[in-house]
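These notes concern the structure reproduced below.
The values are calculated or read from the model by the stated rules, or taken from the named source; none is laboratory data. In this text the structure is predicted, and so the values were computed from the model without any measurement. Neighbour counts run over all protein chains shown; Cβ positions are idealised from the backbone, glycine included. Remember, those area values only see protein heavy atoms, side chains included, never the ligands or the DNA or RNA. Shrake-Rupley method; radii C 1.70, N 1.55, O 1.52, S 1.80 Å.
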Amino acid sequence: MASDQIIEEKKQGQALITNSNTTNSKKVYLESYGCQMNLNDSEIVASILAKQGYNTTVTMEEADLVLVNTCSIREKAEQTIRKRLEKYHAVKKINPKMKIGVLGCMAERLKEKFLEEEKMIDLVVGPDAYRDLPNLVKEIEAGREAVNVILSKDETYGDVAPVRLNSNGVSAFVSITRGCDNMCTFCVVPFTRGRERSRDPESILHEIQELHDNNYKEVTLLGQNVDSYLWYGGGLKKDFDKASKEAKENALDFAILLEKCATAFPKMRFRFSTSNPQDMSLDVIHSMAKYNNICNYIHLPVQSGSTSVLNRMNRKHTREEYIELIDSIRKIIPECAISQDMITGFCGETDEEHQDTLSLMEYVKYDFGFMFAYSERPGTPAEKRMEDDVPNEIKKQRLTEIIQLQQKHGLFNMQKYIGKTVDVLIEGNSKKSDAHWMGRNSQNAVVVFPKSENEMIGDFVNVTIENCTSATLIGIKE
Ligand code: SAH
Ligand code: F3S
């Protein structure tokens, strides 16, 4: 998932207004950085705070409480947030009653230290502690600092109905797992989001039902590692072995969950993110093939094309196993789009290992990609045991090479649609022109086409593709 990008409520419109409670008198300004999971968490936070008398606002200057949901994935993400805190501080100087809170991964990573480092912060809350916000907010309203960064074994916020802040009214995120057990050596997520646990399928289906009833047409099931979803009555994934025989027999995995969603809501479209190659089963690919309303798109981060680098990263598969998985996907769903995350310049990466990444990309020809230079994160196994020894210029040079190659492959894949007709869910106006609609096809490619009289946002329409750029398909409605 592309991170480091600011997603402000200002861009979010409608849902915000419909969820405003007229009896609420206080205002919270919420900003989210990082992954889609953070966006969804902010919606959970807004829901919890709505019951405490807070409506959301898009104007920071009028807020009683400013909350920033933070990302720690790379150093740059943290720097961006530090800069943002300076802006909040400036506003607080004019409005000293305003309280500032830090949520999410950076809160979890830095804990109480945050209060020492950033004097104007009142509140620090980790990703598993949002349910405690009512108490914490009372503390800060009484003029005290408040911190809760306790990670949980079973928190999934399953019963909290998110306030859809980030919505176009058509597509929404639904979280299905939290945390991650994979311990990739470069990654801070297992430390900031805790151990992996899955959400009760009943509460997932209930949330989708509500979205359905509110005319939503597309749901993205979210988790750090959706393919390892496993419901056996609650609890950590790692404790599954200790579960009762009955619990084990009734356990439900991701392929079954996907099928349940697809059959319960045949008029809605389903996506999911993110898949870890080591956990993706052929069952999931077969479920995708079986149901038209499960989109033909898999985000399948690989990080490197070299088995030795994958080994140092503690990724539990080789280059050959990954290629085998790609071949199976292509065999079962020939039209499936596949995207990657890559890291260049991981500890000890040689030029030969980098060439392996380029050759893997040549083999797969990914539809999309999110590429990053390795950024050492405090407390991770890589930081403790390995040397961040690839010089910055080399990291950057390799990054440029893979980005350029990805652009070439992106264009190559987009060109394949020219002359074909694709099924598009209309999401809204095209960024460039109000006379055009923007939507996506099943493969997650953005499609732009001229409006006519008979369609509206949320409709599925057939569009014949006439032209493209490396990022957009341009067509005409059939
Ligand atoms: N499973 C998660 C992965 C989260 S991190 C998901 O839902 O996407 C997203 C991506 O950030 C990773 O796939 C990886 O490519 C990149 N990333 C993680 N840690 C990084 C680091 N220390 N430096 C550079 N990139 C990193
Ligand atoms: Fe991070 Fe690896 Fe989990 S990238 S989120 S530890 S799958």
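Observations
- Förster radius 25 Å - calculated FRET efficiency between residue 181 and residue 385, Cβ distance, rounded to 0.05: 0.85
- Relative contact order %, the stretch 263-375, counting alpha carbon pairs below 8 Å whose residues are six or more apart: 28 percent
- Protection proxy ranking of 147-159, 65-77 - average other beta-carbon atoms within 10 Å, highest first: 65-77, 147-159
- Only beta bridges with both residues in the chain are counted; by DSSP, about 35 percent of them are antiparallel.
- Computed FRET value (nearest 0.05) for residue 281 with residue 210, which takes r as the C-beta separation and R₀ as 25 Å: 0.30
- Segment residue 462-residue 97, length gained on full extension (0.36 nm per residue, minus Cα span): 126.1 nm
- If both residues of a DSSP beta bridge must be in the stretch 171-412, then about 20% of such bridges are antiparallel.
- Global geometry of the stretch 312-436, whether rounded, prolate or oblate, following the gyration tensor of its Cα atoms and the 1.5 cut on a/c: prolate
- Computed over protein heavy atoms with a 1.4 Å probe, the carbon and sulfur contribution to the accessible area of the stretch 171-412 reaches 50%.
- Label-point separation in nm, residue 112 to residue 291, each point 7 Å along Cα→Cβ: 4.7 nm
- With a cut-off of 19 Å on the backbone N, the residues of the stretch 451-467 near the modelled label site 7 Å out from residue 415 along Cα-Cβ are 465-467.
- Peptides ranked, highest mean first, by Cβ atoms within 10 Å: ranges 359-367, 450-458: 359-367, 450-458
- The modelled label-to-label distance between residue 86 and residue 328, using points 7 Å beyond Cα along the C-beta direction, is 5.0 nm.
- Calculated mean residue ellipticity, 222 nm, the chain: -10000 deg cm²/dmol, from DSSP H runs (n ≥ 4) at -39500 (n - 2.57) each, averaged per residue and rounded to 500.
- Within the stretch 363-400, the GluC sites (Glu not before Pro) that combine a DSSP coil assignment with at most 12 other C-beta atoms in a 10 angstrom radius are 387.
- Whether the stretch 160-291 is rounded, prolate or oblate, judged on the alpha carbon gyration tensor where a/c under 1.5 counts as rounded: prolate
- Applying a 4.7 Å cutoff between beta carbons, the unpaired cysteines of the chain are 35, 71, 105, 180, 261, 295, 336, 347, 468.
- Reported to the nearest whole Å, the Cα centre-to-centre distance from the stretch 143-197 to the stretch 437-465 is 32.
- Mean accessible surface per residue for the stretch 171-412, computed with a 1.4 Å probe while every protein chain stays in place, in Å²: 41 Å²
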